[in-house]
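Just below is one structure, and these are the notes that go with it.
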Amino acid sequence: MKKRILVTGGTGYIGSHTVVELINAGFEPIIIDNLSNSNIGVLDGIKRITGVEPIFENIDLKDYVSLNKFFQKYEGIEAIINFAASKAVGESVKMPVMYYRNNITSLLNLVELMPKYGINHIVFSSSCTVYGQPDVLPVTEQSPIQPATSPYGYTKQVCENIIRDTVKATVGMKSILLRYFNPIGAHPSAEIGELPNGVPNNLLPFVTQTAIGLRSELKVFGNDYNTPDGSCIRDYIYVVDLAKAHVMAVERMLDKKMKRSVEVFNLGTGTGLSVLEIVNKFMEVSGVNLPYQIAPRREGDIEKVWADPSLANKELGWKADTPLEDVLSSCWKWELKLQERREKDQQNS
Ligand code: UD1
């Protein structure tokens with residue numbers, strides 16, 4: 001029998017790539033998503049890649065009654081991977097209540113129901129945002145947590161604490177907290193990828209949309225930072241590598257290999273790249289000239305951050321080793337596919 005894993009937010013960007021890797025590894029993922037920031041068509045993409053159409057339930061995790069019914073219906077879930085959350089930093093500043101309600105209530109409902117249904121394992125999507133601007137780079141899991149600069153960032157810190165406290169109070173419960181650096185790219189098949197809503201906030205979707213002609217130019221936010229070329233530095237991690245880390249985390253839990261009841265891993269490549277390095281590499285890989293302009297710094301941006309991923313390398317046996325060229329060409333291939341869809345939609349309307 002295949003082991004059942006509940007993937008909340010499983011039609012989202014990182015969730016959908018993880019569902020594919022779970023299926024590839026022989027698990028039976030069950031998706032819960034309310035499609036608030038994703039599309040039901042993602043299920044077809046997953047099916048085209050894996051040959052399997054995952055079980056899907058359109059449920060809002062804030063709805064305790066529906067979630068309870070879900071657990072009554074699907075027995076034998078062995079672990080939960082909780083992706084479902086709102087994730088736009090700027091939006092969270094404008095709509096803090098929505099962010100607190102969405103991200104925190106959802107997790108509270110899950111951890112409240114887990115013991116009732118004998119589910120002991122939860123993997124949580126956290127973020128490098130919990131470290132703020134670190135004094136020492138690269139960032140290890142021991143680096144200090146800094147006061148959050150946005151409601152989004154604060155929800156990640158609160159959710160980590162909710163999990164720690166619940167695990168402490170619940171016999172048998174275990175959790176792995178995964179702190180992602182900057183996820184980018186799409187599945188190499190271009191069947192699934194990132195689907196930004198409206199004008200993208202994140203760098204790579206903005207780059208590809210500019211390259212395809214949807215945006216007139218990219219604004220590089222700041223070239224006066226204390227970095228070699230003056231633009232900000234981040235650790236860009238391929239979404240498929242990131243997805244595989246979730247499978248390894250689930251296996252570590254189910255194989256009883258955890259050394260503590262809560263473990264934390266940084267998921268990054270260990271290499272920092274500047275915005276301008278990404279822009280230049282993207283032009284080289286795609287062969288497209290990307291119009292860009294240096295613009296003022298973006299409020300709230302930190303100067304530089306990259307991971308020390310050695311704990312995840314050692315304990316999970318995981319490494320983000322996809323070459324940057326392949327990652328950036330996956331972004332471009334995905335944008336070309338989206339463009340094809342947009343053109344088809346236009347013809348049909
Ligand atoms: C932010 C969050 C991170 C979250 C991620 C996903 C922080 C510190 N980081 O990452 O936790 O997981 O969003 O939503 O809160 N840039 C441009 N032009 C653009 C867009 C971006 O120059 O049009 C630059 C930014 O200034 C930054 C880099 O590209 O230096 C990456 O930006 P972005 O993709 O938005 O991610 P972060 O802000 O690093």
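Among the criteria (1) open to solvent by 50 Å² or more (accessible area, probe 1.4 Å); (2) over 18 Å from residue 229 (Cβ atoms), the one residue 296 does not fulfil is (2).
Residues 254, 203, 195, 290: which one is over 30 Å from residue 160 (Cα atoms) and in contact (Cβ under 8 Å) with a residue 24 or more places away in the chain? Step through it out loud before you land on a result.
On the way: 254 fails: over 30 Å from residue 160 (Cα atoms); 203 fails: over 30 Å from residue 160 (Cα atoms); 195 fails: over 30 Å from residue 160 (Cα atoms).
Going through 254, 203, 195, 290 in turn, just one is over 30 Å from residue 160 (Cα atoms) and in contact (Cβ under 8 Å) with a residue 24 or more places away in the chain: 290.
Going by the structure shown, is residue 104 under 22 Å from residue 201 (Cβ atoms) and away from the ligand (no atom under 16 Å from the Cβ)? Even if it seems obvious, please write down each step before you answer.
Details: under 22 Å from residue 201 (Cβ atoms): yes; away from the ligand (no atom under 16 Å from the Cβ): yes.
For residue 104, the condition - under 22 Å from residue 201 (Cβ atoms) and away from the ligand (no atom under 16 Å from the Cβ) - is met.
Rundown of residues vs (1) of a type outside the set (Ser, Thr, Tyr); (2) surrounded by 22 or more Cβ atoms within 10 Å (Cβ to Cβ); (3) at pLDDT below 95, yes/no style:
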{"position": "148", "(1), (2), (3)": "yes, no, yes"}
{"position": "156", "(1), (2), (3)": "yes, yes, no"}
{"position": "202", "(1), (2), (3)": "yes, no, no"}
{"position": "219", "(1), (2), (3)": "yes, no, no"}
{"position": "229", "(1), (2), (3)": "yes, no, no"}
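Mind listing whichever residues of segment 303-349 are at pLDDT 95 or above and small (Gly, Ala, Ser)? Answer for segment 303-349, where residues must be at pLDDT 95 or above and small (Gly, Ala, Ser): 307, 310, 312, 317, 320, 329, 330. Pairs meeting the criteria (first residue in segment 162-175 and more than 15 Å from residue 81 (Cα to Cα) and open to solvent by less than 30 Å² (accessible area, probe 1.4 Å), second residue charged (D, E, K, R) and not in a loop (DSSP other than H, G, I, E, B), beta carbons under 8 Å, at least 6 apart or on different chains) are 167/174.
In summary, strands (runs of 3 or more DSSP E) completely within segment 193-302 and bearing 2 or more residues that are more than 14 Å from the ligand (Cβ to nearest atom) and not acidic (Asp, Glu) occur at 262-267. Among the residues making up segment 312-331, those that are touching a residue at least 12 places away in the same chain (Cβ under 8 Å), closer than 19 Å to residue 180 by Cβ and open to solvent by less than 60 Å² (accessible area, probe 1.4 Å) are 312, 315, 316, 317, 318, 320, 322, 324, 327, 328, 330, 331. Please enumerate the residues belonging to segment 188-200 that are in contact with a Pro (Cβ under 6 Å, 6 or more places away or on another chain) and at pLDDT 95 or above. Hit for segment 188-200 is 194, nothing else. For the criterion of being open to solvent by 10 Å² or more (accessible area, probe 1.4 Å), assigned to a helix (DSSP H, G or I) and closer than 17 Å to residue 190 by Cα, residue 40 fails.
Is it the case, given these coordinates, that residue 172 is within 16 Å of the ligand (Cβ to nearest atom) and among the small types (Gly, Ala, Ser)? No. Condition first: over 15 Å from residue 317 (Cα atoms), touching a residue at least 12 places away in the same chain (Cβ under 8 Å) and open to solvent by 50 Å² or more (accessible area, probe 1.4 Å). Can you find one or more residues in segment 241-248 that meet it? Within segment 241-248 (the criterion being over 15 Å from residue 317 (Cα atoms), touching a residue at least 12 places away in the same chain (Cβ under 8 Å) and open to solvent by 50 Å² or more (accessible area, probe 1.4 Å)), the answer is no, since none of the residues qualifies. Quick one: is residue 139 open to solvent by less than 10 Å² (accessible area, probe 1.4 Å), within 24 Å of residue 268 (Cβ to Cβ) and β-branched (Val, Ile, Thr)? Considered against the rule, which asks whether it is open to solvent by less than 10 Å² (accessible area, probe 1.4 Å), within 24 Å of residue 268 (Cβ to Cβ) and β-branched (Val, Ile, Thr), residue 139 comes out as yes. Inside segment 56-99, residues that are farther than 29 Å from residue 252 by Cβ and either hydrophobic (A, V, I, L, M, F, W, C) or within 16 Å of the ligand (Cβ to nearest atom) (or both) make up a count of 13.
Please verify whether segment 89-99 includes one or more residues that are among the hydroxyl-bearing types (Ser, Thr, Tyr), open to solvent by 20 Å² or more (accessible area, probe 1.4 Å) and touching a residue at least 40 places away in the same chain (Cβ under 8 Å). Quick ask: steps written out before the conclusion?
Going through segment 89-99, the residues among the hydroxyl-bearing types (Ser, Thr, Tyr) turn out to be 92, 99.
Retained after the next criterion (residues that are open to solvent by 20 Å² or more (accessible area, probe 1.4 Å)): none.
Within segment 89-99, not a single residue is among the hydroxyl-bearing types (Ser, Thr, Tyr), open to solvent by 20 Å² or more (accessible area, probe 1.4 Å) and touching a residue at least 40 places away in the same chain (Cβ under 8 Å).
Being open to solvent by 20 Å² or more (accessible area, probe 1.4 Å) and part of a strand (DSSP E or B): is that true of residue 57 here? Judged against the criteria, residue 57 is a match.
The values are calculated or read from the model by the stated rules, or taken from the named source; none is laboratory data. A quick note: this is a predicted structure, and the numbers were derived from the prediction, not measured. Neighbour counts are summed over all protein chains in view; Cβ atoms, including those assigned to glycine, are modelled from backbone coordinates with ideal geometry. Side chains are part of the model used for accessible areas, which takes the heavy atoms of the whole protein and leaves out ligands, DNA and RNA. Shrake-Rupley method; radii C 1.70, N 1.55, O 1.52, S 1.80 Å.
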